[in-house]
Amino acid sequence: MSFYAFLLLSPDAQLYWVFKHGTYLAHRGGEVGTNLYHCADNGRGFFVELSYDASYLCAMVLRSFNNSEGLADYAMGVQLPE
(Lines give C-alpha, C1' and ligand atoms only; values in the text may rest on other atoms or scores of the structure.)
Protein backbone atom coordinates (compact mmCIF):
# COMPACT_ATOMS: atom_id res chain seq x y z
CA MET A 1 0.00 0.00 0.00
CA SER A 2 1.31 3.45 -0.80
CA PHE A 3 1.69 6.17 1.80
CA TYR A 4 -1.02 8.26 0.18
CA ALA A 5 -3.46 5.34 0.00
CA PHE A 6 -2.79 4.71 3.70
CA LEU A 7 -3.71 8.31 4.50
CA LEU A 8 -7.11 7.81 2.85
CA LEU A 9 -8.03 4.91 5.16
CA SER A 10 -10.19 5.42 8.23
CA PRO A 11 -8.35 5.44 11.59
CA ASP A 12 -9.58 1.90 12.36
CA ALA A 13 -8.45 0.63 8.96
CA GLN A 14 -5.05 2.28 9.43
CA LEU A 15 -4.58 0.48 12.76
CA TYR A 16 -5.60 -2.85 11.28
CA TRP A 17 -3.24 -2.41 8.33
CA VAL A 18 -0.26 -1.45 10.53
CA PHE A 19 -0.80 -4.39 12.91
CA LYS A 20 -1.17 -6.82 9.99
CA HIS A 21 1.54 -5.53 7.63
CA GLY A 22 3.81 -3.19 9.59
CA THR A 23 7.18 -4.07 11.07
CA TYR A 24 7.81 -2.94 14.64
CA LEU A 25 11.00 -0.87 14.87
CA ALA A 26 11.24 1.02 18.16
CA HIS A 27 9.56 2.32 21.31
CA ARG A 28 9.99 5.63 23.10
CA GLY A 29 8.39 7.39 26.01
CA GLY A 30 8.22 4.92 28.87
CA GLU A 31 5.77 2.13 29.62
CA VAL A 32 2.80 3.63 27.77
CA GLY A 33 4.70 5.47 25.08
CA THR A 34 4.86 5.46 21.33
CA ASN A 35 5.72 2.57 19.02
CA LEU A 36 7.27 3.09 15.60
CA TYR A 37 6.41 0.81 12.68
CA HIS A 38 7.73 0.63 9.13
CA CYS A 39 5.23 -0.15 6.39
CA ALA A 40 6.67 -1.36 3.10
CA ASP A 41 5.26 -0.44 -0.27
CA ASN A 42 6.62 -0.62 -3.80
CA GLY A 43 9.00 2.23 -3.04
CA ARG A 44 10.89 2.88 0.15
CA GLY A 45 7.86 2.66 2.43
CA PHE A 46 6.67 4.89 5.24
CA PHE A 47 6.55 5.05 9.02
CA VAL A 48 3.65 5.07 11.44
CA GLU A 49 3.63 5.96 15.13
CA LEU A 50 1.06 4.22 17.32
CA SER A 51 0.22 4.94 20.92
CA TYR A 52 -2.24 3.68 23.51
CA ASP A 53 -5.00 6.12 24.41
CA ALA A 54 -5.89 5.41 28.05
CA SER A 55 -9.04 7.53 27.93
CA TYR A 56 -10.50 5.37 25.13
CA LEU A 57 -8.65 2.15 26.10
CA CYS A 58 -7.42 1.57 22.56
CA ALA A 59 -4.47 1.99 20.25
CA MET A 60 -4.43 4.97 17.93
CA VAL A 61 -2.35 6.30 15.06
CA LEU A 62 -0.49 9.42 16.15
CA ARG A 63 1.16 10.29 12.87
CA SER A 64 2.47 8.79 9.68
CA PHE A 65 5.34 10.09 7.58
CA ASN A 66 7.50 9.14 4.63
CA ASN A 67 10.72 11.02 5.33
CA SER A 68 13.57 10.70 7.79
CA GLU A 69 12.74 13.86 9.78
CA GLY A 70 10.21 11.96 11.89
CA LEU A 71 12.87 9.45 12.93
CA ALA A 72 14.88 12.03 14.92
CA ASP A 73 12.90 11.27 18.09
CA TYR A 74 14.17 7.68 17.95
CA ALA A 75 17.84 8.36 17.17
CA MET A 76 18.94 8.42 20.81
CA GLY A 77 17.68 4.87 21.32
CA VAL A 78 19.64 3.38 18.42
CA GLN A 79 22.78 1.48 19.35
CA LEU A 80 25.08 0.29 16.60
CA PRO A 81 27.56 -2.53 17.11
CA GLU A 82 31.20 -1.51 17.41
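Sub-6 Å Cβ pairs linking a first residue in segment 43-62 that is of a type in the set (Asp, Glu) to a second residue that is surrounded by fewer than 14 Cβ atoms within 10 Å (Cβ to Cβ), at least 6 apart or interchain, are Glu49/Leu62; Glu49/Arg63, ordered by first then second residue.
Filtering segment 30-82 to residues that are modelled with pLDDT of 85 or more and at positive phi leaves only Gly45.
Would you check if Leu7 is part of a strand (DSSP E or B), within 25 Å of Ala72 (Cβ to Cβ) and either of a type in the set (A, V, I, L, M) or touching a Leu at 6+ places or on another chain (Cβ under 9 Å) (or both)? Break it down stepwise before answering.
Details: part of a strand (DSSP E or B): no; within 25 Å of Ala72 (Cβ to Cβ): yes; either of a type in the set (A, V, I, L, M) or touching a Leu at 6+ places or on another chain (Cβ under 9 Å) (or both): yes.
It is false that Leu7 is part of a strand (DSSP E or B), within 25 Å of Ala72 (Cβ to Cβ) and either of a type in the set (A, V, I, L, M) or touching a Leu at 6+ places or on another chain (Cβ under 9 Å) (or both).
Pairing residues of segment 18-31 that are within 13 Å of Asp73 (Cα to Cα) with residues that are among the small types (Gly, Ala, Ser) and at pLDDT below 95, at Cβ distances under 7 Å and at least 6 apart in sequence or on separate chains, gives Ala26/Gly77; His27/Gly33; Arg28/Gly77.
Selection of segment 1-14 for residues being among the hydrophobic types (A, V, I, L, M, F, W, C) and modelled with pLDDT of 90 or more yields Phe3, Ala5, Phe6, Leu7, Leu8, Leu9, Ala13.
The values are calculated or read from the model by the stated rules, or taken from the named source; none is laboratory data. Since this is a predicted model, take the numbers as computed values, not measurements. Here the Cβ is made from the backbone with ideal geometry for all residues, glycine too, and neighbour counts use every protein chain on show.
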